[in-house]
Structures are given as C-alpha cells and as structure tokens.
Amino acid sequence: MKDFLARSLIPYQFLDVEREPAAQTMVAGVEGGTVLPVIFFPDGTTLVAPDPRRLAAKLGLRTEPSARLYDLVVLGAGPAGLAAGVYA
C-alpha cells in the first residue's frame with residue numbers, strides 16, 4: 001500500500017505496529033484489525049487489507065476507463081513506455 005500511495009502522489013503517514021504503541025492501540029480498536037495493513041482515513045473510516053483498486057476507489061481515484069474504446073494504450077512508465085507514448 002505504501003508503494004501505491006507514493007506512486008499516486010498521495011500523502012500518508014506510516015505507523016509501525018511493532019515499534020509504536022499508539023499504532024498498536026489504533027489497530028486493536030478495529031474489527032478485523034489483526035490483518036495488516038489497516039488504513040485509517042481522516043473521516044474516521046478504515047480499510048483492512050484492501051487491494052489497490054479498493055483503496056483507489058475510496059480515495060476517489062478513477063478505477064474504470066472513461067471511454068469504451070481507445071486508439072492506444074501504453075502500459076509502463078519506463079523508457080519503453082515513454083518512447084511508445086512519444087512515437088504514437
């Protein structure tokens with residue numbers, strides 16, 4: 001989840017349950033909190049061990065394509081993805 005949030009440029013705070021007693025208390029108060037990660041939101045809601053798509057939907061990110069058909073889809077953001085986007 002940390003990688004997903006960082007790649008999406010979404011600010012977050014990471015608390016380690018093994019090192020921070022406050023984090024242990026927070027997680028213990030959540031139903032199903034024995035499964036990690038537990039993600040807390042400012043509105044008071046939580047997600048327990050979500051997949052990236054579910055987290056994206058909760059954050060308001062687009063999880064479905066906005067058009068039915070596309071002329072080109074480039075997967076990847078490395079040199080090959082950049083070259084494909086430029087030359088397309």
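Every read-out reported here was derived from the displayed coordinates using simple, explicitly stated rules and does not represent laboratory data. Predicted model only: the values in this text are computed from it and were never measured. Methodologically, a virtual Cβ is constructed for each residue, glycine included, from the backbone with ideal geometry; neighbour enumeration extends over all protein chains shown.
Numbers at a glance
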{"item": "Label assignment, volume of the Cα convex hull per residue in Å³ derived from the structure, set [x] 130; [y] 84; [z] 118", "result": "[x]"}
{"item": "Cα centroid of region 66-88 to Cα centroid of region 1-39, whole Å", "result": "33 Å"}
{"item": "Cβ-based charge dipole, the chain, positive-most Cα from G44, A80, P11", "result": "A80"}
{"item": "Mean separation of Cα contacts under 8 Å, 6 or more apart, over the residue count of the chain: relative contact order %", "result": "13 percent"}
{"item": "Cα-centre dipole for the chain with unit charges at Cβ (Lys and Arg positive, Asp and Glu negative), debye to 20", "result": "260 debye"}
{"item": "Residue-count net charge about F14 - beta-carbon cut-off 14 Å; Lys, Arg +1, Asp, Glu -1", "result": "-2"}
{"item": "Residue-by-residue Karplus 3J(HN,Hα) for region 3-20, coefficients 6.51, -1.76, 1.60, Hz, glycine and proline x", "result": "5, 4, 5, 5, 5, 8, 6, 9, x, 8, 10, 9, 10, 8, 5, 7, 10, 10"}
{"item": "Extension gain, T25 back to A88 (0.36 nm per residue minus Cα-Cα distance, nm)", "result": "17.5 nm"}
